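What follows is one structure encoded as structure tokens, with my remarks underneath.
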């Protein structure tokens, strides 16, 4: 018989996962070096395992931010001044000379500021007349250019260890001359569904059988969260088979089991895990869907027993497994990433659980507006497909009025 633990809030359960992972981490994540210059997608979403250092000042020269004319402020303090046009500076080709009193150089965006200049007049604020330029608006020092090193100084860490690599981070690494980068290896996440009723996706089900959608959704969620999915298929509701299949799963860095974690006659997962010396930290969280969720560990391997109903599996993965993948990738996990939206209609749920309702957010007038969708419970994948998020109804307030500002849990990968 499984050990009974107090039912935790989803916040407390998430905090417990992070606490256990951090306490049991044997060492820093293993790393690998990725060449990304020819295929940036190889590094996209990975966790940086080193600091990326600037190889020189950025910008490496005083750089114009506008098309116009480089001037000395002393020459262009008053509108209507006429200056001699003596050359041009464009990106990659600097003006080879000194800006003397009463002169100007045409300059393009991104081009080096000539020696002696300390401002740029925008093109629309000046007029070329033959070999001279009439400035129509007074200028001030430092106008429309960036000083050398103002963005980044040589030797400065421009992307820090533990950062998740997006397009901006990869662009910065490329800017400072990096074509290879050291990243944490992805945690290997074993996914094993359970249940006599579950069959492979490609098989034709009999009337009371269901196809194994959980392994598909979890593999996708693992990939989106930065892990490497290892799909192990399905185990029947048989103690001996479960023991063998779970032992196989425990070779991975993280184990996810689905189904068999409730209190029914054939819910055998907790019993088998206990026999296999898995230490339990909780086996229920106060949410709907997803209350019978289990978290434990054997040595340094975290084990998650998620409910078998697919929407419950999707929700509990986001709440519990994501921070484990992040922590084991070297990315400090934090609180759940929620955003605010205005509720389109009244919602009234039953206490004392927190509810994660399939929902859709739109921006009809520039403000996020959320609508909870009709659904038939935790087996209704279609409701999640029709939506793009989950509306969070906190246990502390179960009745929400139209127009209230509510919390939204986005579906990972859609925002």
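Side notes on the structure shown:
- Some residue of the stretch 287-302 being in a helix (DSSP H, G or I), touching a residue at least 60 places away in the same chain (Cβ under 8 Å), touching a helix residue (DSSP H, G or I) at 6+ places or on another chain (Cβ under 7 Å) and under 15 Å from residue 261 (Cβ atoms): no
- Here residue 257 fits the description: under 23 Å from residue 384 (Cα atoms), in contact with a helix residue (DSSP H, G or I) (Cβ under 8 Å, 6 or more places away or on another chain) and either modelled with pLDDT under 95 or not in a helix (DSSP H, G or I) (or both).
- Among the criteria (1) buried (at least 24 other Cβ atoms within 10 Å of the Cβ); (2) under 17 Å from residue 198 (Cβ atoms); (3) without any contact (Cβ under 8 Å) to a residue 40 or more places away in the chain, the one residue 273 does not fulfil is (2).
- Neighbours by Cβ (under 6 Å, 6+ apart or cross-chain): first from the stretch 372-386, touching a residue at least 60 places away in the same chain (Cβ under 8 Å) and in the same structural domain as residue 400 (by TED's automatic domain parsing); second surrounded by 14 or more Cβ atoms within 10 Å (Cβ to Cβ) and part of a loop (DSSP other than H, G, I, E, B): 378/289; 378/309; 379/309; 383/373; 383/375
- For the stretch 316-415, the strands (runs of 3 or more DSSP E) that sit wholly inside it and include 1 or more residues that are within 30 Å of residue 186 (Cβ to Cβ) are 339-343, 354-362, 389-393, 405-410.
- Qualifying residue in the stretch 50-70 (condition: under 30 Å from residue 96 (Cβ atoms), under 29 Å from the mean Cα position of the chain (by Cα) and outside any loop (DSSP other than H, G, I, E, B)): yes
- Within the stretch 170-221, considering residues that are touching a helix residue (DSSP H, G or I) at 6+ places or on another chain (Cβ under 8 Å) and in a helix (DSSP H, G or I), the one nearest to residue 49 (Cα to Cα): 170
The values are calculated or read from the model by the stated rules, or taken from the named source; none is laboratory data. This one's a predicted model, so the numbers in the text were calculated from it and none came from an experiment. Here the Cβ is made from the backbone with ideal geometry for all residues, glycine too, and neighbour counts use every protein chain on show.
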